[in-house]
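Colleague: Handing you this structure, nothing more for now.
The values are calculated or read from the model by the stated rules, or taken from the named source; none is laboratory data. On a predicted model such as this, the values are computed, not experimentally measured, just so you know. Ideal geometry is used to build each Cβ from the backbone, glycine not excepted, and the neighbour counts take in all protein chains shown. Areas reflect the complete protein model, heavy atoms only, side chains present, ligands, DNA and RNA absent. Shrake-Rupley method; radii C 1.70, N 1.55, O 1.52, S 1.80 Å.
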Amino acid sequence: MFKRIGVIICEATGVYQTELLKGINSKAHSLGYDVLVFATFVKLCFHENYEYGEKNIFSLINFDQLDGLIIAGDTLQVRGLKEELFPKLQNECKCPIVFIDYENDMGYENITTNDTISFEEIIDHLIDVHGCRNILFYSGSYDVSSTRTRYEGYKNSLQKHNIALNPDFVSFDGNFWIEGGEQIAREIIEGKRPRPDAIAFCGDHMAIGAMNVFQSTGWKIPEDIIITGHDAEDDCLKCKPPITSYTPPINATGANAVIALDAKINNTTPSNWVVSRGRLELGGSCGCQEDFRYTKRIYYRNETNLNYEGFLNSSMMEDLAEADSFLSLLNKIDFFLYLVPEWYEFHLCLCNDWLDYDPFDGADSYHTDGYTDQMIHYIKSKVGNSRTVQEIFDRKLMLPTLYEEHPEPQTFYFLPIHMNKKRFGYSVLSYGNTNKTFDINYMNWTKHVCNALEYFRIQSRLSGAALIDSLTGAYTRAGIEQNVDMLLNHIHDENYRFMVMMADLDRLKTINDTYGHQAGDQAIHEIARVLLSVTSDTEICARVGGDEFVILGCDNYSDTKIEDTVQKVAEKLDAINQSGKFPYLLSTSIGGVLEKITKPEDIADLYKEADKNMYNTKKIHHEKETT
């Protein structure tokens, strides 16, 4: 089993974030680490409730399961995230931590991207190619490290070209966002600032804001004023002309963060740092002929995504909405994984209370914060082995399959599943050991899944009955009613027989009286976990009473199906009892029947026979205990 590095990052589909993750993944895999990326699809956005649901993913992180942690600090722009996360780092995280591009007062090492050289190249280009002399350096606060490093590059270029530094052409009044660029453009247009030949913005969005204001008042770019940005964000390419910018060596920054963290984990001195230059990206806002490899890269990226048009034209949204049962919905979600290019592993983990609501509450009551102590693993798919399951696991594990042997290090992307503030759970995506990150198509794919779950939740609310038992994760009686048609569709298939197995927890009253009702609930939960583990993805396991469960199935079963299942349950319970996990012994009485039926009404007779067999087994257990 490989060591694990955790990564905390927001808006993981961004250009900066994608390159950073590729650098982290490549170096981490080469050093023998699995990478666990806890990410959001957005950072700061106008939909505050959506942000709230996104940042929930970070409450999942169990620092005790990580050997080290990398934090892309500059991306953590979701409202309230830093205020919640940073105290947890100091109070709960015992593993080494490295920040990227974010100075902090907590004493953690910060690995920065070399922006000095990149900004120097931009200014060199403006001077050497376009003859600019009066170049306005415009950035956000000087307290930000990237401002200082880029300012050094600006000064280095001026000095190299024997141009005196003019304080009138230096400003730290921006905010790294569109509004900052709009502000400086208005000041120049209104004559409140000297008019420069060019403005070198420290961030693309400020450049975009300035261009919008200049063009709205009749100024032409680049004829009247030259504009450049930095970071080469995709939004630059939507401007006319596209904004000349710079792709910094972010990949190297990610790799160097892993090198620094690996040294801390192993108590060694970091070495073999990755040294790389970035790339000047010619748009047209500086006056150069645009480089289509840069300005049309979005189209190239989509053309190489074989499933791009397939996703746009698919019926995924409509098919998910038509699911007539929860099991059908899970199977459809699993089916549409074909729209995710190169996926290797996918998991859907939902809270055991994600369907909960109060039917007597006038408002739609739902859960918003954190994840339940017990999560339910509903989809557990690998290429060539896709399956829906219903396995309960401790949230502290984050994902049970992390602890299974795999031949090579790989990256796991943990992403939130929610509907605005309503938290449902999370998904985990892996591309195996391929150094690949997910894109905006996967973001939209996930939104379809979230919408389908919300639609199903609303339908369940309208029906007035919970389909999933919140204590155990098994179906309820209402859940059986909604899913049993899946079994009844096969009663006329050749060699198919219907199975009913009833199970009852032994000595629940004794456990309650001796150890308390919380222990009793714990015992019920554990029995459910075992029963769910022996239930196939074509069968139904439901809690039909306080400590009573039923497993239903219709398949080409062997004659020993019931005996084999009883034996598996007994072996699993013996292992739990021998481990000393609980102060009491767990056992269950099981009775079953396996018969060919021709009509749904026959199931009632099977229930009676299975129930009778179960109580005969319970009687035998009781007699053994009293002798």
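Colleague: Counting only residues that are touching a residue at least 40 places away in the same chain (Cβ under 8 Å) and more than 13 Å from residue 486 (Cβ to Cβ), which one in region 546-560 is surrounded by the fewest Cβ atoms within 10 Å (Cβ to Cβ)?
Modeller: Ranking the qualifying residues of region 546-560, first place goes to 556.
Colleague: Looking at the structure I just gave you, is residue 407 surrounded by fewer than 16 Cβ atoms within 10 Å (Cβ to Cβ) and either basic (Lys, Arg) or not in a helix (DSSP H, G or I) (or both)?
Modeller: In short, yes.
Colleague: Return the total of residues in region 537-556 being part of a strand (DSSP E or B) and of a type outside the set (Asp, Glu). Show your work before the answer.
Modeller: Pass one, region 537-556, residues part of a strand (DSSP E or B): 540-543, 548-555.
Adding the requirement that they be of a type outside the set (Asp, Glu) leaves 540-543, 549-554.
Looking only at that region, the number is 10.
Colleague: Let me ask something additional. Looking at residue 22, is it in a helix (DSSP H, G or I), over 14 Å from the mean Cα position of the chain (by Cα), surrounded by fewer than 21 Cβ atoms within 10 Å (Cβ to Cβ) and touching a residue at least 24 places away in the same chain (Cβ under 8 Å)?
Modeller: yes
Colleague: Hey, could you check region 180-220 for residues that are part of a loop (DSSP other than H, G, I, E, B) and closer than 14 Å to residue 135 by Cβ and say which is most open to solvent (accessible area, probe 1.4 Å)?
Modeller: Initially, region 180-220 is screened for residues part of a loop (DSSP other than H, G, I, E, B), giving 190-197, 202-203, 217-220.
If we keep only those that are closer than 14 Å to residue 135 by Cβ as well, we get 193-197, 202.
Working: 193: 50, 194: 61, 195: 131, 196: 4, 197: 62, 202: 1 Å².
Among them, the one singled out is 195.
Colleague: Can you name the residue in region 165-179 that is touching a strand residue (DSSP E or B) at 6+ places or on another chain (Cβ under 9 Å) and assigned to a helix (DSSP H, G or I) and is also surrounded by the fewest Cβ atoms within 10 Å (Cβ to Cβ) among such residues?
Modeller: If we take residues in region 165-179 being touching a strand residue (DSSP E or B) at 6+ places or on another chain (Cβ under 9 Å) and assigned to a helix (DSSP H, G or I), then 168 is surrounded by the fewest Cβ atoms within 10 Å (Cβ to Cβ).
Colleague: Only residues that are within 15 Å of residue 583 (Cβ to Cβ) and among the charged types (D, E, K, R): list them for region 504-535, please.
Modeller: Passing the criteria: 507, 513, 521, 526.
Colleague: Follow-up. Would you check which residues across region 271-297 are over 22 Å from residue 67 (Cβ atoms), out of contact with any Ser or Thr (no Cβ under 6 Å at 6 or more places or on another chain) and either among the basic types (Lys, Arg) or in contact (Cβ under 8 Å) with a residue 40 or more places away in the chain (or both) and list them?
Modeller: Filtering region 271-297 down to residues over 22 Å from residue 67 (Cβ atoms) leaves 275-297.
Remaining after also requiring out of contact with any Ser or Thr (no Cβ under 6 Å at 6 or more places or on another chain): 275-277, 280, 284, 287-297.
Those that are over 22 Å from residue 67 (Cβ atoms), out of contact with any Ser or Thr (no Cβ under 6 Å at 6 or more places or on another chain) and either among the basic types (Lys, Arg) or in contact (Cβ under 8 Å) with a residue 40 or more places away in the chain (or both): 277, 280, 284, 287, 288, 290, 293, 294, 295, 296, 297.
Colleague: Which one of these is in contact with a Ser or Thr (Cβ under 9 Å, 6 or more places away or on another chain) and either on the phi > 0 side of the Ramachandran plot or open to solvent by 50 Å² or more (accessible area, probe 1.4 Å) (or both): 607, 615?
Modeller: Only one candidate qualifies: 615.
Colleague: Right, another one. Go through region 25-48 residue by residue and tally those that are part of a loop (DSSP other than H, G, I, E, B) and farther than 17 Å from residue 79 by Cα.
Modeller: So the first thing to find is which residues in region 25-48 are part of a loop (DSSP other than H, G, I, E, B), and the list is 31-32, 40-47.
From what is left, the residues that are farther than 17 Å from residue 79 by Cα are 31-32.
Adding up the residues that qualify gives 2.
Colleague: If you don't mind, there's one more thing I want to ask. Restricting attention to region 88-100, does a residue exist that is surrounded by fewer than 22 Cβ atoms within 10 Å (Cβ to Cβ) and within 15 Å of the chain's Cα centre (by Cα)?
Modeller: No, every residue in region 88-100 fails to be surrounded by fewer than 22 Cβ atoms within 10 Å (Cβ to Cβ) and within 15 Å of the chain's Cα centre (by Cα).
Colleague: Within the bounds of region 351-369, is there any residue that is buried (at least 17 other Cβ atoms within 10 Å of the Cβ), outside any loop (DSSP other than H, G, I, E, B) and at pLDDT 90 or above?
Modeller: Yes: one or more hits.
Colleague: Moving on. For residues in region 124-149 being closer than 21 Å to residue 103 by Cβ and not hydroxyl-bearing (Ser, Thr, Tyr), which is most open to solvent (accessible area, probe 1.4 Å)?
Modeller: 143
Colleague: Can I ask one more? Name every residue in region 221-246 that is surrounded by 20 or more Cβ atoms within 10 Å (Cβ to Cβ), in contact with a Lys or Arg (Cβ under 9 Å, 6 or more places away or on another chain) and closer than 21 Å to residue 146 by Cβ, in order of residue number.
Modeller: Selection gives 230, 232, 246.
Colleague: If only one of 268, 244, 228 is of a type in the set (Ser, Thr, Tyr), out of contact with any helix residue (DSSP H, G or I) (no Cβ under 6 Å at 6 or more places or on another chain) and in contact (Cβ under 8 Å) with a residue 40 or more places away in the chain, which one is it?
Modeller: Exactly one residue qualifies, and that residue is 244.
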